[in-house]
Protein chains: 2
Amino acid sequence: MKAFTKLLTPQEARDVFARAYSPVPVGAERLSLAHSLRRVLAQEVRASSDLPAFDRSTVDGYAVRSVDTGRASSGTPAHLQVAGEVFMGEPVQFAIGAGQAARIPTGGMLPEGADAVVMQEHVVRTGGAVSVERPARARDNVVSRGADITSGEVIIRPGRRLRPQDLGLLAGLDVPEVMVYRRPRVAIIVTGDELVPPGRPLRGSQIHDMNTYTLSGLIDEAGGVANAYGIVPDNLALLVERAKLAHRECEMLILVGGSSVGEKDVVADAIAALGAPGIVVHGISIRPGKPTILAVAGGKPVFGLPGNVVSAMVIFDQFVRPVLQAMAGVGEPPRPGQTVLARLTRKVATGDREDHIRVSLIERTGAVWAAPLPGGSAIITSMVRADGLVTIPANATLDEGAEVEVRLLP
Amino acid sequence: MKAFTKLLTPQEARDVFARAYSPVPVGAERLSLAHSLRRVLAQEVRASSDLPAFDRSTVDGYAVRSVDTGRASSGTPAHLQVAGEVFMGEPVQFAIGAGQAARIPTGGMLPEGADAVVMQEHVVRTGGAVSVERPARARDNVVSRGADITSGEVIIRPGRRLRPQDLGLLAGLDVPEVMVYRRPRVAIIVTGDELVPPGRPLRGSQIHDMNTYTLSGLIDEAGGVANAYGIVPDNLALLVERAKLAHRECEMLILVGGSSVGEKDVVADAIAALGAPGIVVHGISIRPGKPTILAVAGGKPVFGLPGNVVSAMVIFDQFVRPVLQAMAGVGEPPRPGQTVLARLTRKVATGDREDHIRVSLIERTGAVWAAPLPGGSAIITSMVRADGLVTIPANATLDEGAEVEVRLLP
């Protein structure tokens with residue numbers, strides 16, 4: 001298979017791929033709350049009760065009828081009979097009548113008849129009575145039933161990555177288990193006669209495989225489960241066999257390396273063997289990452305990423321992550337803090353490809369500056385030192401000091 | 001135990017606690033790279049070899065001696081004999097002499113004698129020779145040995161949370177396993193006669209426990225392992241027994257609820273029973289979270305957090321997380337994107353306590369606005385709706401439009 005007759009722009013490539021494949025969540029599973037942190041909610045959760053379920057005191061003190069304290073002052077305190085005591089967790093078996101009060105702890109349930117709580121520091125207790133020296137207004141020191149959530153209200157919508165506070169709210173509303181989207185299984189197959197896993201000595205001009213590790217991490221952080229299918233030499237039959245196995249077992253395939261047009265580049269042929277419609281994009285006008293393949297086979301997305309480790313990370317960021325997150329059910333708007341505005345520390349010019357440069361951020365004279373990092377697409381330290389990525393359009397010149405949007409690395 | 005005679009400011013509380021306890025990492029363990037994502041590196045890693053380990057081609061083409069092409073042009077191309085072919089991963093058994101070239105793939109090792117690569121699109125091959133129509137400069141299309149990392153260089157320092165690209169670099173340098181800090185075990189004990197775990201029906205004025213879930217999530221995200229010791233009623237003997245068990249098994253203890261000064265508040269007494277020096281701070285001039293306990297027992301930090309779920313989260317953020325991260329070995333400067341500057345959508349005034357308000361962020365007319373969320377310390381939805389927290393100093397009034405720093409929630 002020959003390609004690169006015409007390079008698509010990144011946006012054209014996205015459009016072509018979107019016509020061939022529309023990501024949908026791969027399924028859902030029921031999990032206990034304790035295992036749901038960072039998982040993506042797959043159901044709408046409605047409150048089956050009010051939260052709080054009853055009027056609660058926010059202080060230690062005495063539940064009162066505010067009307068009884070309306071004229072209280074230090075000169076003419078209101079004298080109230082203590083009708084009972086509220087205990088945490090227990091039913092409150094009595095009501096407050098005119099001229100009565102009840103001892104109540106923080107969080108305790110207000111007895112019927114009471115509409116306010118006076119802090120214990122503001123009363124004087126004498127035997128079975130208390131005197132109150134200032135007026136209480138209705139709802140003083142009370143959290144009303146339903147103030148947090150009212151019954152029937154939608155609490156959390158599907159597509160949300162659950163945070164600690166979301167788990168707390170679900171617990172408070174007696175939701176011990178939730179349906180969350182299953183994490184898509186993503187196969188990684190790296191190809192290349194020269195590759196050896198770390199821990200094995202090199203011979204000849206071999207090198208150690210990095211892409212399995214960077215991509216596994218990126219897949220995990222995007223909400224997928226990385227399944228590494230190891231290193232395959234540049235042999236079409238072996239690669240097709242491994243790719244077919246991975247294609248059966250996983251919901252997304254990533255093949256790395258060999259998608260250029262060299263004689264031994266077998267990735268494109270292996271992808272073509274997986275089924276229709278096959279390769280829909282081969283070659284994108286992006287830097288780094290030109291020899292990228294976007295494909296669909298048997299309803300599953302298949303990506304051919306360049307073997308250079310920085311290129312593979314940039315293409316993951318631009319083309320793989322959005323698809324993977326949609327398959328993982330993520331349906332939230334981007335949260336603040338994922339991008340920052342910064343000024344370039346030096347002029348940057350591009351040729352005929354959109355460039356994705358690595359930058360480190362520097363705070364200087366009250367402003368944030370983005371310093372482009374040296375090193376081409378084979379230089380992993382440019383990613384290790386980077387705080388983020390900046391997209392520079394094709395055929396553009398941005399001067400020193402130009403404002404750019406930096407996509408922070410996770 | 002009576003307290004609250006004098007409230008410390010948050011900074012005073014931090015100082016007092018820091019004199020009683022200096023956090024150190026709890027230990028380290030050896031893990032394979034595949035399990036090290038987000039773990040904190042416990043060792044300095046030095047490169048044992050150059051990366052790349054040899055001069056590599058960045059393109060498919062022909063390795064040449066640049067001097068041989070110095071006068072090449074389309075009119076007078078340089079004719080070079082093809083001395084051999086470089087294969088990925090294999091040793092290169094030949095050298096390039098004057099007037100010679102060698103076929104080389106992307107990533108291939110340069111043969112001895114060659115100092116540049118000409119792209120295959122720029123040569124014409126005829127039998128055993130190629131003609132080159134433009135001069136190649138030394139190092140053209142070559143990544144030099146050691147360009148990424150040189151042998152002996154420190155690659156990554158201890159204290160770093162490993163990112164995907166860090167794992168890639170370690171793999172590339174043949175580091176299949178690393179020492180990472182062990183994640184501190186943090187005990188959570190919630191107290192209160194009124195508490196029931198989610199999934200069990202409520203009776204009387206019981207409520208469902210939220211704090212176990214919010215705190216477990218916060219501990220996980222800060223790099224600890226949460227060990228939930230369940231719900232203990234307001235009974236000193238039972239609480240002391242459970243706390244002693246947790247104190248033996250874990251490296252940090254969090255007790256929740258009951259640290260106010262009500263009659264049935266047994267948390268302070270239980271903490272005091274764990275050992276010397278015991279409680280060093282009881283009551284902090286912070287809102288929410290006043291009835292906070294900071295303690296040390298047998299060399300382990302112990303926290304008594306308020307039972308209100310928002311208070312507990314704020315106190316975790318202010319006092320627990322920094323200690324836990326230090327025990328987890330985290331030693332990086334804060335990354336960009338953890339805070340954003342925003343303008344208040346409305347005036348905010350505080351009393352005599354430092355206030356930690358919940359805000360949602362709104363992008364409007366090119367600026368970011370922070371909208372304070374309604375709801376007191378018992379209102380979990382104020383955290384669920386929040387994008388971040390803002391610290392408002394005690395006795396301060398900030399006008400609408402005032403610029404504040406928002407700490408983004410994880």
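Quick look at the values:
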{"read-out": "Any chance B:Arg364 is in contact with a strand residue (DSSP E or B) (Cβ under 6 Å, 6 or more places away or on another chain), surrounded by fewer than 21 Cβ atoms within 10 Å (Cβ to Cβ), more than 19 Å from B:Met383 (Cα to Cα) and in the same structural domain as B:Val404 (by TED's automatic domain parsing)", "value": "no"}
{"read-out": "Search result, residues across segment B:26-78 that are within 14 Å of chain A (Cβ to nearest Cβ) and among the acidic types (Asp, Glu)", "value": "B:Asp50, B:Asp55, B:Asp60"}
{"read-out": "Yes/no for B:Glu400 being assigned to a strand (DSSP E or B) and either at pLDDT 95 or above or more than 14 Å from every other protein chain (Cβ to nearest Cβ) (or both)", "value": "no"}
{"read-out": "Long-range neighbours under 8 Å by Cβ, at least six apart or interchain, first residue over 15 Å from A:Ala228 (Cα atoms) within segment A:193-209, second assigned to a loop (DSSP other than H, G, I, E, B) and aromatic (Phe, Trp, Tyr)", "value": "A:Asp193/B:Phe87; A:Ser205/B:Phe54"}
{"read-out": "Subset tally (residues that are loosely packed, with under 15 Cβ neighbours inside 10 Å and closer than 19 Å to B:Leu51 by Cα) for segment B:80-138", "value": "2"}
{"read-out": "Residue check, B:Gly289 more than 8 Å from every other protein chain (Cβ to nearest Cβ), within 30 Å of A:Ser36 (Cα to Cα) and surrounded by fewer than 24 Cβ atoms within 10 Å (Cβ to Cβ)", "value": "no"}
{"read-out": "Test set (1) more than 14 Å from chain B (Cβ to nearest Cβ); (2) among the β-branched types (Val, Ile, Thr); (3) more than 21 Å from A:Glu12 (Cβ to Cβ); (4) surrounded by 16 or more Cβ atoms within 10 Å (Cβ to Cβ) - A:Thr350 fails condition number", "value": "(3)"}
{"read-out": "Selection status of A:Ser382, part of a helix (DSSP H, G or I) and modelled with pLDDT under 95", "value": "yes"}
{"read-out": "Residue in segment B:275-289 that is β-branched (Val, Ile, Thr) and over 18 Å from B:Tyr21 (Cβ atoms) present", "value": "yes"}
{"read-out": "Any hit, segment B:178-188, residues being modelled with pLDDT under 95 and touching an Asp or Glu at 6+ places or on another chain (Cβ under 6 Å)", "value": "no"}
{"read-out": "Single unsatisfied condition, A:Pro322 versus (1) more than 14 Å from chain B (Cβ to nearest Cβ); (2) surrounded by fewer than 21 Cβ atoms within 10 Å (Cβ to Cβ); (3) closer than 29 Å to A:Ile207 by Cα; (4) within 26 Å of the chain's Cα centre (by Cα)", "value": "(3)"}
{"read-out": "Helices (runs of 4 or more DSSP H) lying entirely in segment B:153-266 (those with 2 or more residues that are within 12 Å of another protein chain (Cβ to nearest Cβ) and surrounded by 19 or more Cβ atoms within 10 Å (Cβ to Cβ))", "value": "B:164-172, B:211-222"}
{"read-out": "Some residue of segment B:369-382 being touching a Phe, Trp or Tyr at 6+ places or on another chain (Cβ under 9 Å), surrounded by 17 or more Cβ atoms within 10 Å (Cβ to Cβ) and more than 13 Å from every other protein chain (Cβ to nearest Cβ)", "value": "no"}
{"read-out": "Residue list for segment B:332-347, filter: surrounded by fewer than 13 Cβ atoms within 10 Å (Cβ to Cβ), within 30 Å of B:Glu44 (Cα to Cα) and touching an Asp or Glu at 6+ places or on another chain (Cβ under 6 Å)", "value": "none"}
{"read-out": "Filtered residues of segment A:22-64 (kept if in contact with a helix residue (DSSP H, G or I) (Cβ under 9 Å, 6 or more places away or on another chain), surrounded by fewer than 18 Cβ atoms within 10 Å (Cβ to Cβ) and in a loop (DSSP other than H, G, I, E, B))", "value": "A:Ser22, A:Val24, A:Arg38"}
{"read-out": "Residues being among the acidic types (Asp, Glu) and either in contact with a Phe, Trp or Tyr (Cβ under 7 Å, 6 or more places away or on another chain) or buried (at least 22 other Cβ atoms within 10 Å of the Cβ) (or both) - total across segment A:139-151", "value": "1"}
{"read-out": "Residue check, A:Ile231 in contact with an Asp or Glu (Cβ under 7 Å, 6 or more places away or on another chain) and aliphatic (A, V, I, L, M)", "value": "yes"}
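The values are calculated or read from the model by the stated rules, or taken from the named source; none is laboratory data. In this text, all values refer to a predicted model and were calculated from it rather than measured experimentally. Backbone-built Cβ (ideal geometry, glycine too); neighbour counts: all protein chains shown.
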